[in-house]
1. If you put +1 on each Lys and Arg Cβ and -1 on each Asp and Glu Cβ, how big is the dipole of region 125-207 around its Cα centre, in Debye rounded to 20?
2. Can you work out the accessible area per residue across region 37-111, with the rest of the protein chains kept in place, probe 1.4 Å, in square angstrom?
3. Between SER44 and ARG166, how many nm apart are label points set 7 Å from Cα along the C-beta direction?
4. So, in nm, how far is label ARG96 from label ALA108 when the simple model puts each one 7 Å beyond its Cα toward the Cβ?
5. Where in region 88-104 is the amide nitrogen less than 17 Å from a point lying 7 Å along the Cα-to-Cβ axis of ASP20?
6. Set the Förster radius R0 to 22 Å, insert the Cβ-Cβ distance between GLN80 and ALA177 as r into 1/(1 + (r/R0)^6), and round the FRET efficiency to 0.05.
7. Over region 115-197, with the other protein chains present, what is the accessible area per residue in square angstrom, probe 1.4 angstrom?
8. Provide the packing ranking of 184-196, 49-61, 135-147, i.e. peptides ordered by the mean count of other C-beta atoms within 10 Å per residue, highest first.
Amino acid sequence: MALATGCSVLDKPTRATMYDFGPGELTTQLATLPPAAVAAPALSPLAIADIATSGGALENQAVLYRLGYVDDQQLRPYSQARWTMPPAQLVRQRMRERLSQQRVVLTAREGVALNRSQNANLPMLRLELEEFSQLFSAPDTSIGLIRVHATLVDITPAGERLVAQRNLSVQRPATSADAGGGVRALTAATDAAIDELDQWLRQMPAR
């Protein structure tokens, strides 16, 4: 009986560590400002569609890595690390949080409804998340890598009209060769990618 009890303790599965992007620098800074110091949205509204993926590994909550010095074509999941939601949802949530500091950010459905009610063209951003992993170039050296394909369209009464497209690849170094280091690097890479997309959107006419 004692042996059986001991085995059940040893075999008890370890709960996976859950990760997200944290509160974000902008959210933390704005929380310390008085209401009068928070500026009203200065840019035109933008709709953001749900972020698409190619399916497979990016559809679940696994924290993924590649061993570039062994086989960079194989995605591997950390066994005891999970995102709180699939990466595409995390990236979209982060993007809406950051972009909404300067503009009204709508869902695709809200954007279509607004266009119908006001009979005005509204820009909508469509994204495809192509890569979201920790890439190791050596056992103790890695980066967080995000690759995104962005498409900007105008929602018009006649349907969607293509405005511009862009491929974006951003990487940030990991401070440790583990899931925690990969998560921090991917968070930094995601924020940098959002900043680049924001600057790209600002270059578009009336956006």
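The values are calculated or read from the model by the stated rules, or taken from the named source; none is laboratory data. All values reported here derive from a predicted model rather than from experimental measurement. Note that each Cβ is placed from the backbone with ideal geometry, even for glycine, and that neighbours are counted across all protein chains shown. Accessible surface areas use protein heavy atoms only, side chains included; no ligands, DNA or RNA. Shrake-Rupley method; radii C 1.70, N 1.55, O 1.52, S 1.80 Å.
1. The calculated dipole for region 125-207 is roughly 220 debye.
2. Per residue, region 37-111 has 50 Å² of solvent-accessible surface.
3. Rounded to a tenth, the inter-label distance reads 1.6 nm.
4. Taking the two extended label points, one gets 1.4 nm.
5. What the label zone holds, given the 17 Å backbone N cut-off, is 88-100.
6. 0.90
7. 45
8. 184-196, 135-147, 49-61
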